[in-house]
1. Run down 84, 106 and say which single residue is over 21 Å from residue 59 (Cα atoms) and within 16 Å of the ligand (Cβ to nearest atom).
2. Restricting attention to the range 83-96, does a residue exist that is touching a residue at least 40 places away in the same chain (Cβ under 8 Å) and within 16 Å of the chain's Cα centre (by Cα)?
3. If I go through the range 125-154 residue by residue, how many of them are under 18 Å from residue 18 (Cα atoms) and either away from the ligand (no atom under 12 Å from the Cβ) or without any contact (Cβ under 8 Å) to a residue 12 or more places away in the chain (or both)?
4. Restricting to the range 1-25, count the residues that are touching a residue at least 40 places away in the same chain (Cβ under 8 Å) and either within 18 Å of residue 147 (Cα to Cα) or within 13 Å of the chain's Cα centre (by Cα) (or both).
5. Only one of (1) in contact with a helix residue (DSSP H, G or I) (Cβ under 6 Å, 6 or more places away or on another chain); (2) closer than 21 Å to residue 162 by Cα; (3) surrounded by fewer than 16 Cβ atoms within 10 Å (Cβ to Cβ) fails for residue 99. Which number is that?
6. Could you say whether any residue in the range 63-75 is crowded, with 16+ Cβ neighbours inside 10 Å, in a helix (DSSP H, G or I) and free of Cβ contacts under 8 Å to residues at least 12 places away in the same chain?
7. Suppose we filter 111, 163 for residues that are within 12 Å of the ligand (Cβ to nearest atom) and assigned to a helix (DSSP H, G or I); which single one remains?
Ligand code: HEM
């Protein structure tokens, strides 16, 4: 029994499930429902990402998945041998790996900073007696648009990753 490999696969699959499951619930249910509540919902989403530590949750789950996945990839490909990488299964795992890494990098660039900026704008608005300026409103609108674009792309990226990871072994 190869305990090291078992622990690596456990870390990879459990973190991957937490990442993809969490992202789907967040995008398809939580964000959509928050939007139905207007300004209340926007404030809830900002709190969820910052004080609620949702951005941190996704950071930990995604980094664990990718690090463990990278080690599994190195091991499965015999140290990046092209023969494995260009085999049907190798191509499947590679497509999934690339999709997941793009999601991690894009998410890191967009989600964390967007949450922090939205929280800062909300604090500024609260300081001025709860009255948002046109600049505040349009910046919050731009942040929301950026997050929506990412959410749509993320469904496709993580959907691709989970489908290829789940099946590539049998390609
Ligand atoms: C959304 C992210 C991901 C999810 C949900 C995920 C899920 C999974 C699952 C369920 C398996 C088991 C499949 C099987 O044994 O047939 C697996 C295997 C594997 N994953 Fe991922 N994965 C993700 C991202 C990644 C990334 C980013 C990499 C590489 C950098 C990667 C590399 C691999 C490799 C090489 C295997 C085969 C391991 C082996 O042969 O023991 N995965 N993944």
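All of the numbers you see were taken from the coordinates with simple rules; none came from a lab. Being a predicted model, the structure only gives us computed values, none of them experimental. Neighbour counts run over all protein chains shown; Cβ positions are idealised from the backbone, glycine included.
1. Details: 106 fails: over 21 Å from residue 59 (Cα atoms).
Going through 84, 106 in turn, just one is over 21 Å from residue 59 (Cα atoms) and within 16 Å of the ligand (Cβ to nearest atom): 84.
2. yes
3. Here is the first cut: in the range 125-154, the residues under 18 Å from residue 18 (Cα atoms) are 151, 154.
Narrowing the set further to residues that are either away from the ligand (no atom under 12 Å from the Cβ) or without any contact (Cβ under 8 Å) to a residue 12 or more places away in the chain (or both) leaves 151.
Within the range 125-154, residues that are under 18 Å from residue 18 (Cα atoms) and either away from the ligand (no atom under 12 Å from the Cβ) or without any contact (Cβ under 8 Å) to a residue 12 or more places away in the chain (or both) number 1.
4. Applying the first criterion (touching a residue at least 40 places away in the same chain (Cβ under 8 Å)) to the range 1-25 yields 5, 8-9, 11-12, 15-16, 18-20, 23-24.
After this cut, where a residue has to be either within 18 Å of residue 147 (Cα to Cα) or within 13 Å of the chain's Cα centre (by Cα) (or both) as well, the list is 15-16, 18-20, 23-24.
The total comes to 7.
5. (3)
6. So far as the range 63-75 goes, no, none of its residues is crowded, with 16+ Cβ neighbours inside 10 Å, in a helix (DSSP H, G or I) and free of Cβ contacts under 8 Å to residues at least 12 places away in the same chain.
7. On the way: 111 fails: within 12 Å of the ligand (Cβ to nearest atom).
Selected residue: 163, the only one of 111, 163 that is within 12 Å of the ligand (Cβ to nearest atom) and assigned to a helix (DSSP H, G or I).
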